[in-house]
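Before any comments, here is the structure.
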Number of protein chains: 2
Amino acid sequence: MVMIMPKRNVFFISDSTGITAEALGLSLLAHFDGIEFEQHRVPFVDNVDKAREVVTRIDMAREKDGHRPILVMTLVSSDIRAVFSECDALNLDLFGTFINPLSAELGLIPAQEIGMARRVASNEFRVRLNAINFTLKHDDGVSDEDLEEADLILVGVSRCGKTPTSLYLAMQFGIKCANYPLLPEDFERRQLPGTLAQHRSKLFGLTVTAERLSSIRKERRPDSVYSSLHNCRHELVLAEDMMRRENIRYLDTSSRSIEETATTVMQQFGIERH
Amino acid sequence: MVMIMPKRNVFFISDSTGITAEALGLSLLAHFDGIEFEQHRVPFVDNVDKAREVVTRIDMAREKDGHRPILVMTLVSSDIRAVFSECDALNLDLFGTFINPLSAELGLIPAQEIGMARRVASNEFRVRLNAINFTLKHDDGVSDEDLEEADLILVGVSRCGKTPTSLYLAMQFGIKCANYPLLPEDFERRQLPGTLAQHRSKLFGLTVTAERLSSIRKERRPDSVYSSLHNCRHELVLAEDMMRRENIRYLDTSSRSIEETATTVMQQFGIERH
């Protein structure tokens, strides 16, 4: 007998990118096991005509599988939201639900202008772009230039998670984050690489379990000393020794997502978004 | 007379990173003008004791400025959520509000396990890490190697937004996105650079207004021909001519955030997250 997992259609609907609606929706759906969710992100629904087209898609999905679809919506305009209220679906309406209590609390009438978040976009864009460029220029210790501009400098052995964490901090929070590998020659010399000793207050370490490091390194160089479990274990011991000796706080990235590592670094290092 | 803008404290509270609570909270607050919001992101509130400490911070904020703080919460555990229900604050409880209707609709009891999103994290981590590494390796046309593995190849003049868009697509959606600059020598030869003609079906163009391009280039090289408005206008005309001639769809990034550009590219190119 073949068990078929029940399936429900979920639509993340937004007048902007839908990234927030999708993230919140996925957190809600993660509470429920044993059901398959067919996901549809529907961005830029910024007028009533586009909303009606989406309603047609929702109706077709319901007719096809016989279940009410689930809608997770971030729509600023109450006119556009109203189009979906006619729909036979479970409607999780994020703005519709919370705007009224917030309006009452603040004693202010909400604006309903689509793309409001863009007002500050231009300056924020520059901050993030500059941070991304800085991080790319200072990825993997390739340059010491302008290192004094860094908000934060991550250190750790090769492939412990420095690059994705640095890029996420720059992209999401506008943080200028450099990163430097700790290499076997640094352990032999018992010294931090390059000019890092001058920037000790900006250093934060990343580490990882030997098993995970070995598995990540094997994707790049299988059957090498570099990726062997024995060598990974050895490098990690030396790196953690060095970080303790140099008074550098460090964090294990093994069981953390990129977002969790980035957020934990910010929390422990005491740094905020720009 | 000095006008003082009224101020309200806002706490984004989560048992995970708080990134979703913050994003949704900021979209809600953007509906209200003429008020300053002092923002506090409070991640990793994963037990009742930590929740009580946060309540103390909230109480202090309220006593200091005389207004009820606003809470935007994504907390899986109903025990932890209950700690905040005693608080004198406006509580926008994202999971508490929507879990019950979702549970009723699905006919399932919600799990209340903190860090549920992590179940799939390990595989997702690999997909994103591989995409980020691919994108870094193929940033700015530095390598043609393995280009057939790309999901998407962005083209456009220098500084039109290719790098941040590529990195966002890799980081957020696990899309392997290469990018190639269109350079004056390509316009002279009237040919796409390198081996791109072989990958025509994966190409998507970015463009930008001459004013914006000039202003972005001036941050890198002020007082240069490269950044002059006249030269930017000239390059953009030639690039757009080339993209039309080669049948490459393209998008103006000028008034778009990184997220909006990435999402629009995905929508127009017809590509989904991995």
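Since every read-out is calculated from the coordinates, none of them should be taken as a lab result. Since we're looking at a predicted model, the values are computed, not measured. In this analysis, Cβ positions are derived from the backbone assuming ideal geometry, glycine residues included, and neighbour counts consider all displayed protein chains.
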Relative counts (whole %) of C-alpha pair distances in the stretch B:7-114, using bins that are 10 Å wide: 14, 47, 30, 8, 1
Label spacing, shortest first and in nm, from A:I35 to its equivalents in the remaining copies (7 angstrom along Cα→Cβ): 3.4
With Cα atoms, 0 to 90° folded angle of helix A:229-245 axis to chain A main axis: 80 degrees
Rule-of-thumb Rg ratio for the stretch B:23-181 [Cα; 2.2 N^0.38 Å; N residues]: 1.44
Equivalent ellipsoid semi-axes, the protein assembly as shown, via Cα gyration tensor eigenvalues times 5, rooted, Å: 36, 32, 26
Surrounding net charge for B:L238, when Lys and Arg each add one and Asp and Glu each subtract one, Cβ distance under 12 Å: -1
Per residue Cα convex hull volume in Å³ - calculated over the stretch B:164-221: 122 Å³
Centre separation in Å (Cα based) which lies between the stretch A:69-119 and the stretch A:227-264: 44 Å
Using a 7 Å Cα-to-Cβ projection, A:E105 label spacings across copies, nm, ascending: 2.4
Sorted by Cβ density within 10 Å, fewest first, the residues A:K162, A:K176: A:K176, A:K162
Pairs from A:K50/B:K202; A:K50/B:K162; A:K137/B:K218; A:K162/A:K218; B:K162/B:K202; A:K137/B:K137 whose Cα-Cα separation, in the structure shown, is over 20 Å: A:K50/B:K202; A:K50/B:K162
Stretchable slack from A:S254 to A:M5, in nm (0.36 nm times residue separation minus alpha-carbon distance): 86.5 nm
Label-point separation, B:F37 to A:R126 (7 Å along Cα→Cβ), nm: 2.4 nm
Globularity ratio of chain B, using Cα Rg and 2.2 N^0.38 Å: 1.30
Calculated label separations, A:V142, copies of the chain, 7 Å along the beta-carbon direction, nm: 0.3
Value of Rg to Rh for the stretch B:193-274 (Rh from inverse mean 1/r over Cα pairs, i.e. Kirkwood): 1.02
Theoretical gain in end-to-end length, B:R189 to B:A82 [0.36 nm per residue, Cα-Cα removed]: 31.7 nm
Calculated [θ] (222 nm, deg cm²/dmol) that DSSP helices of n ≥ 4 give over chain B, each run adding -39,500 (n - 2.57): -14500 deg cm²/dmol
Cα gyration tensor of the stretch B:120-269 - equivalent ellipsoid semi-axes, whole Å, descending: 26, 17, 14
DSSP-loop GluC sites (Glu not before Pro) across the stretch A:19-95, with at most 14 other Cβ within 10 angstrom: A:E86
